[in-house]
Amino acid sequence: MMQTGFWWILFSIGLYGIIHSILASHAVKRWVEKRVGTDIYQRYYRLFFSLQAFFLFLPILALTVVLPDEAFYRIPRPWVWLTLIIQIGAVYLLLNSIFQTGALRFTGFAQAFNIKEATRSLPLVERGMYRFVRHPIYTCMLLITWLFPFMSWNVLAIALGVTGYNIIGAHLEERKLLLEFGDAYQVYTSKTPFMIPGLKF
């Protein structure tokens, strides 16, 4: 482990998570809104947030390739085909879940091109994958990550980091959703599992 990039990658994901959480906090959002004005904030902040999240994660992925690594297992055939099918299904469900909540709004493009989208209230989504778990996007990301066809120390660091990041991010997101939807979200959480179907926590 010490001769691989394991700890550097974990550290990088931790730093990434801190930056991401700070930019997602209400305090920073309000600070930015005061500096740039409500109109610009509502139209472009979500797009900026999505783009920085994407581009800041690319160097972390690059670390898994350029840093020393050591593989400790590979999924053999024919089982690797089964995991590949599950991963493809998870990608489909992930995209489907994003589109259910408004893909263009999720990424910020809708707000940037149409100011009405920035202020329009969205309903609480309880259909599709949201019937089974409250955070299907994170659930699908974990399936894709942990079913990688081989596991090395660097890949394990990515898997652990993404798992921790998703769990913490989901809890922070739930605070905002509770403020936004109130009792309706409280009822939803009482009957819908967190990330794993069948488990209430």
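The values are calculated or read from the model by the stated rules, or taken from the named source; none is laboratory data. Predicted, not measured: the structure shown is a model, and the values here were computed from it. Counting neighbours? That spans all protein chains shown, and the Cβs are built from the backbone with ideal geometry, glycine included. Surface areas here come from the heavy atoms of the whole protein model, side chains and all, with no ligands, DNA or RNA. Shrake-Rupley method; radii C 1.70, N 1.55, O 1.52, S 1.80 Å.
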Residue list for the range 55-84, restricted to those being open to solvent by 60 Å² or more (accessible area, probe 1.4 Å), in contact with a helix residue (DSSP H, G or I) (Cβ under 9 Å, 6 or more places away or on another chain) and not aromatic (F, W, Y): L56, P59, L61, V65, P68, D69, E70, R74
Number of positions in the range 33-52 that are open to solvent by less than 60 Å² (accessible area, probe 1.4 Å) and either in contact with a Leu (Cβ under 8 Å, 6 or more places away or on another chain) or farther than 24 Å from I98 by Cβ (or both): 4
Residues (under 18 Å from the mean Cα position of the chain (by Cα) and open to solvent by 40 Å² or more (accessible area, probe 1.4 Å)) located in the range 108-128: F109
Residue ranges of helices (runs of 4 or more DSSP H) in the range 1-100 with at least 3 members among the basic types (K, R) and without any contact (Cβ under 8 Å) to a residue 24 or more places away in the chain: 26-36
Test result for Q87, within 27 Å of I13 (Cβ to Cβ) and surrounded by 15 or more Cβ atoms within 10 Å (Cβ to Cβ): yes
In the range 102-130, the residues that are of a type in the set (D, E, K, R), more than 30 Å from L199 (Cβ to Cβ) and either outside any helix (DSSP H, G or I) or in contact with a Ser or Thr (Cβ under 6 Å, 6 or more places away or on another chain) (or both): R120
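Condition check ((1) surrounded by fewer than 18 Cβ atoms within 10 Å (Cβ to Cβ); (2) in contact with a Lys or Arg (Cβ under 9 Å, 6 or more places away or on another chain); (3) more than 23 Å from L61 (Cα to Cα)) across all residues:
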position: R134; (1), (2), (3): no, no, yes
position: F148; (1), (2), (3): yes, no, no
position: L156; (1), (2), (3): no, no, no
position: K176; (1), (2), (3): yes, no, yes
position: F181; (1), (2), (3): yes, no, yes
position: G198; (1), (2), (3): yes, no, yes
Pairs, first over 14 Å from S12 (Cα atoms) in the range 143-169, second outside any helix (DSSP H, G or I) and open to solvent by less than 30 Å² (accessible area, probe 1.4 Å), C-beta under 8 Å, six or more apart: S152/T4; W153/T4; W153/G5; N166/H135; N166/M195; I167/M195
